[in-house]
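For reference, the structure I am asking about is given below.
The values are calculated or read from the model by the stated rules, or taken from the named source; none is laboratory data. As the structure is a prediction and not an experimental result, all values here were calculated from the model. Using ideal geometry, Cβ is built from the backbone for each residue, glycine included, and neighbour counts are taken over all protein chains shown.
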There are 2 protein chains.
Amino acid sequence: MTEKNYNVDQLNKIQETINKMDPVDIADKLEILPEKDVAIWIKLLNKDLLADAFTELRAENKARIVNILSEESIKDLVRDLDEDELVDTLQELPANITKKLMDTHIDDNRRKVVNELLGYPQESVGSIMTVNFLSVKETDSPKSALDKIMASKLDAEKLEQIWLTDQSLVLIGFVYIADIIRNQNKSLKELAKSITATVTPYEDQEVVAKLSYRYDLGEVPVVDSENRLIGIVPAEDVIDVVHDELQEDMSNITGISDQSESYLEESSFKIAKTRTTWLIICLLTATMTGFIIHRYESLLASAVALTAYIPMLMDSGGNAGSQASTTVITSLYSGELSVKDFFKVVAKEASIGLITGIILVIINFIRLMILDQAQIRVNLTVSITLILTIIFSKVMGGILPLIADKLDVDPTVMAGPLITTVVDTLVLLIYFEVASLLLGI
Amino acid sequence: MTEKNYNVDQLNKIQETINKMDPVDIADKLEILPEKDVAIWIKLLNKDLLADAFTELRAENKARIVNILSEESIKDLVRDLDEDELVDTLQELPANITKKLMDTHIDDNRRKVVNELLGYPQESVGSIMTVNFLSVKETDSPKSALDKIMASKLDAEKLEQIWLTDQSLVLIGFVYIADIIRNQNKSLKELAKSITATVTPYEDQEVVAKLSYRYDLGEVPVVDSENRLIGIVPAEDVIDVVHDELQEDMSNITGISDQSESYLEESSFKIAKTRTTWLIICLLTATMTGFIIHRYESLLASAVALTAYIPMLMDSGGNAGSQASTTVITSLYSGELSVKDFFKVVAKEASIGLITGIILVIINFIRLMILDQAQIRVNLTVSITLILTIIFSKVMGGILPLIADKLDVDPTVMAGPLITTVVDTLVLLIYFEVASLLLGI
């Protein structure tokens, strides 16, 4: 078969090398290796490592690998996957494979847990938590806790914190394994650290990210409505959530609907699709700006010089607006702001806008005098519009995210192209009205 | 003194309550409590908890608290702070207090470590790592490793991973404490996990964030040039780095030079200062767009209708450009892209731009025909400009971050206001040139 291309020495060498690699790197390689090499790697990899690498693969490659594996190897793989990894896998595989796995390779106990986990919505806490943790009763002795640790089949990295519950399994605290070892004469209760924060499985994963960021938690416990521990989210997984959520925010701000995972490999059509929606919306709302300019066409015809400052005014407004919205979104995220601070934000942004606006107007006034030798009336028109633009854009940029938050829309979605459109429209209106007044047209 | 306002019962109750709080919440309260209550809290808080809360305070409040504390309490506080926390504190306190602390309260051993840590630049790995870790020789027996754990004075959370070195202290691997307990008959070498990645103290903290994100590391080891372990960065601290770095990216994109920590409390002047620089730069570069419009004034005068489409074209270009740059920045961050993919990015964005552009042109053509009943030549001018704008903006948005990365400038700085300016200028040039050709003016 295919293996004939390698002699025993070569295979030994490959085996030694790949079993020293990190699962993430192995997965990266498996994504690009030719079919026959993939088959060899799978044979040569330790089972644990194969399972770890498998969970890192993209959906289509998971299916490909399952198809290569023997029934026996699939059984091993399924057994080596943690429940949460198993659930992720089941959600990614084609329905027929999923069914087969559930029926043949998952025993009744696990099927129950798996089915529960499958029930949590995407991006919920339940969908990212692990159910692999060790809990003991707070009345247990340190000795019996250590016995449970010795008997536990969990990976050692899941045993850093041992969770304490009361008789009815309600979460009370946790102990560090090192503290148990160092203080075997103390009771678990004495060694217990208190719980800073818990989350429930139906909350958005962002909640975990915010709590971990605020309190620097090593693990966030997930509890049910009776406060019984049902899962945990370790800090290393929270890193992914923080990263993905902020990435999503950035995409929203620039109007990308669904950032694809891989840029170079994804087809241009697919990427174009994620970007087109917002561009179309902006195009259509630009009917407003077009309409305004049309209305003031006679004004513009008699003072064409005014046109020259439209781009500058629009850009200044747009930039000023996104600055405000970015700051407010940041503060919303860290919990410093909420919608009840609406008027504080208005006041704050108005005063920031006034300060910034005055500085910009001074610089711009000089620029227009020297470079453009603009008429004083034109210069005044531009100056007044500029300061009103900056103040107005800052205030709009500040309150739009708050309104979005109140409406349960992601504030970043509002912060993006929408602000530009709103600001543009108003800037032009202000500009032409001021011009009509000052230039007397 | 001030304490007279409370009776013993009340004080007991306060003591009980605050000693159950999380240090972060305590710090939040200390920031806003009146002076006399702060003094009471400090007296009533457990020393460990006070030290933990102290590290969470803002600089000015740290100084305030140090001034309230007795010499004895300062000594306790300094002793209870980890070296990295101590260094952060020293950097934040006024020079005279820092000197006093260093001279009076820090012994020679610690002073050496502290001085080393003080030497690492801001936002470097060295500035965020902790030097509190436990390492043992790989040749040690599990029993002797456990003895070292029992004897260790480190907080239990620092003892989750025990690091293994060879005789010359070179980092070789690590063991989980749970694995030592469960396998006391195996050698540490057999229990060892291999090191996926290491960092050096002078690298940017972003490197730690990227590695942790990619490999889901619980702790990232920091080594010197000889590969000897000198510190670690735990995942819960990496969360802060990931958060802060992405936040910084978002601020950069909208042209905020230095996002302040607290929005509502910070003065409007300070916030205005962080936002003004980029607005001024944009204002000045807008001289370009103004200049171009001036040059084509006669063209505009004879076809004022053209002006109506300038905002739409500029916004479409700006949005299309930021979409591309956000995607490329994301892929740079995850390591998928580098500057060597320059031409791949150009090709990719050109084809995405072509697809998106065609869709937008069709929609826009119909819109202009129906809503504006625009002349066919004007419509054609706008359509041709629009598709060229989209393609051009996408390509520029794609390559500017790559160029920035190559030049060791933060790509997000390039992605912000700068793209808008570059795109605006080119859009206008294209527009007027196409108009001159088609309208024959």
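Name the residues in the range A:105-144 that are more than 29 Å from A:GLU190 (Cβ to Cβ), within 25 Å of the chain's Cα centre (by Cα) and in contact (Cβ under 8 Å) with a residue 12 or more places away in the chain, would you?
Selection gives A:VAL114, A:LEU117, A:LEU118, A:TYR120, A:PRO121, A:GLU123, A:SER124, A:VAL125, A:GLY126, A:SER127, A:ILE128.
Can you pull out the residues in the range B:301-316 that are in contact with a His (Cβ under 9 Å, 6 or more places away or on another chain) and more than 7 Å from every other protein chain (Cβ to nearest Cβ)?
Selection gives B:ALA305 alone.
Also, quick follow-up: Checking the condition of a type in the set (Ser, Thr, Tyr), facing chain B (nearest Cβ under 10 Å) and assigned to a helix (DSSP H, G or I), which residue from A:THR381, A:THR356 passes?
The unique qualifying residue is A:THR356.
Going through the range B:402-421 one residue at a time, which ones are at pLDDT 85 or above and either closer than 22 Å to A:ALA320 by Cα or touching a Phe, Trp or Tyr at 6+ places or on another chain (Cβ under 7 Å) (or both)?
Residue satisfying the conditions is B:LEU402 alone.
While we're looking at this one, here's another question. Take the residues of the range A:317-330 that are more than 7 Å from every other protein chain (Cβ to nearest Cβ) and more than 16 Å from A:LYS406 (Cα to Cα): which is modelled with the lowest pLDDT?
That would be A:GLY318.
Step by step: first the residues of the range B:155-168, then only those that are crowded, with 16+ Cβ neighbours inside 10 Å and more than 8 Å from chain A (Cβ to nearest Cβ), then the one that is farthest from A:ALA178 (Cα to Cα). Which residue is that?
B:THR165
Here's a check for you: in the range A:145-154, which residue that is over 36 Å from the mean Cα position of the chain (by Cα) and not small (Gly, Ala, Ser) is surrounded by the most Cβ atoms within 10 Å (Cβ to Cβ)? Explain how you work it out, then say what you get.
Filtering the range A:145-154 down to residues over 36 Å from the mean Cα position of the chain (by Cα) leaves A:145-148, A:150-151.
After this cut, where a residue has to be not small (Gly, Ala, Ser) as well, the list is A:146-148, A:150.
Details: A:LEU146: 19, A:ASP147: 13, A:LYS148: 15, A:MET150: 12.
Within the range A:145-154, the match that is surrounded by the most Cβ atoms within 10 Å (Cβ to Cβ) is A:LEU146.
Kindly evaluate A:ALA301 against the criterion of being at pLDDT below 85 and among the aliphatic types (A, V, I, L, M).
Numbers: at pLDDT below 85: yes; among the aliphatic types (A, V, I, L, M): yes.
Answer is yes for this residue.
Residues to consider are B:VAL427, B:VAL422; find the one that is over 17 Å from B:ILE352 (Cβ atoms), β-branched (Val, Ile, Thr) and surrounded by fewer than 24 Cβ atoms within 10 Å (Cβ to Cβ).
Working: B:VAL427 fails: surrounded by fewer than 24 Cβ atoms within 10 Å (Cβ to Cβ).
Unique residue meeting the criteria: B:VAL422.
Then there is this: When residues of the range A:217-248 are filtered for being out of contact with any helix residue (DSSP H, G or I) (no Cβ under 7 Å at 6 or more places or on another chain) and either assigned to a loop (DSSP other than H, G, I, E, B) or without any contact (Cβ under 8 Å) to a residue 24 or more places away in the chain (or both), how many remain?
Total meeting the criteria: 5.
For every residue, the table says whether it meets (1) within 9 Å of chain B (Cβ to nearest Cβ); (2) buried (at least 18 other Cβ atoms within 10 Å of the Cβ); (3) within 30 Å of B:VAL233 (Cβ to Cβ); (4) not polar (S, T, N, Q).
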site	(1), (2), (3), (4)
A:GLY218	yes, yes, yes, yes
A:ASP224	no, no, no, yes
A:VAL233	no, yes, yes, yes
A:ILE239	yes, yes, yes, yes
A:SER251	yes, yes, yes, no
A:ILE256	yes, yes, no, yes
A:SER268	yes, no, no, no
A:ILE271	yes, yes, no, yes
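Related question: Can you work out which of the residues in the range B:196-216 that are touching a residue at least 24 places away in the same chain (Cβ under 8 Å) and among the aromatic types (Phe, Trp, Tyr) is farthest from B:ASP408 (Cα to Cα)?
Looking at the filtered set, the residue picked out is B:TYR213.
Condition test on A:GLU72, is it within 26 Å of A:GLU266 (Cα to Cα) and either among the charged types (D, E, K, R) or not in a helix (DSSP H, G or I) (or both)?
no
A:LEU171 is checked against (1) surrounded by fewer than 21 Cβ atoms within 10 Å (Cβ to Cβ); (2) at pLDDT 95 or above; (3) under 18 Å from B:LYS20 (Cα atoms) and fails just one. What number does that condition carry?
(1)
State whether one or more residues within the range B:224-239 are among the small types (Gly, Ala, Ser), within 28 Å of A:GLU85 (Cα to Cα), touching a strand residue (DSSP E or B) at 6+ places or on another chain (Cβ under 7 Å) and at pLDDT 90 or above.
Within the range B:224-239, one or more residues are among the small types (Gly, Ala, Ser), within 28 Å of A:GLU85 (Cα to Cα), touching a strand residue (DSSP E or B) at 6+ places or on another chain (Cβ under 7 Å) and at pLDDT 90 or above.
Out of B:ILE293, B:ILE280, which single residue is out of contact with any Gly (no Cβ under 7 Å at 6 or more places or on another chain), surrounded by fewer than 23 Cβ atoms within 10 Å (Cβ to Cβ) and among the β-branched types (Val, Ile, Thr)?
Every option except B:ILE280 fails the conditions.
The conditions are (1) surrounded by fewer than 16 Cβ atoms within 10 Å (Cβ to Cβ); (2) more than 10 Å from chain B (Cβ to nearest Cβ), and A:LEU371 fails exactly one of them. Which is it?
Against the list (1) surrounded by fewer than 16 Cβ atoms within 10 Å (Cβ to Cβ); (2) more than 10 Å from chain B (Cβ to nearest Cβ), A:LEU371 comes up short only on (2).
Still on this model: Residue by residue through the range B:374-407, note down the ones that are within 31 Å of the chain's Cα centre (by Cα) and of a type in the set (D, E, K, R).
Passing the criteria: B:LYS394, B:ASP405, B:LYS406.
Can you tell me which condition B:SER212 does not meet? The list is (1) among the hydroxyl-bearing types (Ser, Thr, Tyr); (2) out of contact with any strand residue (DSSP E or B) (no Cβ under 8 Å at 6 or more places or on another chain); (3) surrounded by 21 or more Cβ atoms within 10 Å (Cβ to Cβ), and all the others hold.
Among (1) among the hydroxyl-bearing types (Ser, Thr, Tyr); (2) out of contact with any strand residue (DSSP E or B) (no Cβ under 8 Å at 6 or more places or on another chain); (3) surrounded by 21 or more Cβ atoms within 10 Å (Cβ to Cβ), the lone unmet condition for B:SER212 is (2).
A follow-up question, please. For A:ILE97, state whether it is in a helix (DSSP H, G or I), within 12 Å of another protein chain (Cβ to nearest Cβ) and surrounded by 14 or more Cβ atoms within 10 Å (Cβ to Cβ).
no
So in the range A:174-195, with the set limited to residues that are surrounded by fewer than 19 Cβ atoms within 10 Å (Cβ to Cβ) and either assigned to a strand (DSSP E or B) or in contact (Cβ under 8 Å) with a residue 60 or more places away in the chain (or both), which one is farthest from the other protein chains (Cβ to nearest Cβ)?
A:LYS193
Still on this structure, I have one more. Just give me the residues in the range B:193-229 being basic (Lys, Arg) and closer than 20 Å to A:ASP52 by Cα, in sequence order.
B:LYS193, B:LYS210, B:ARG214
So, one more: Of all residues in the range A:5-43, how many are within 31 Å of the chain's Cα centre (by Cα) and of a type in the set (Asp, Glu)?
Counting residues in the range A:5-43 that are within 31 Å of the chain's Cα centre (by Cα) and of a type in the set (Asp, Glu) gives 4.
Wholly within the range B:249-349, which helices (runs of 4 or more DSSP H) include no fewer than the required count, namely at least 1 residues that are closer than 20 Å to B:ILE390 by Cβ?
In the range B:249-349, the matching helices (runs of 4 or more DSSP H) lie at B:268-295, B:310-333.
Tell me which residues, restricted to the range B:124-140, are surrounded by 15 or more Cβ atoms within 10 Å (Cβ to Cβ) and part of a loop (DSSP other than H, G, I, E, B).
Across the range B:124-140, the qualifying residues are B:MET129, B:VAL131, B:ASN132, B:PHE133, B:LEU134, B:GLU138, B:ASP140.
Could you say which residue among B:TYR296, B:TYR333 is more than 7 Å from chain A (Cβ to nearest Cβ) and farther than 29 Å from A:THR274 by Cβ?
Values: B:TYR333 fails: farther than 29 Å from A:THR274 by Cβ.
Of B:TYR296, B:TYR333, the one residue that is more than 7 Å from chain A (Cβ to nearest Cβ) and farther than 29 Å from A:THR274 by Cβ is B:TYR296.
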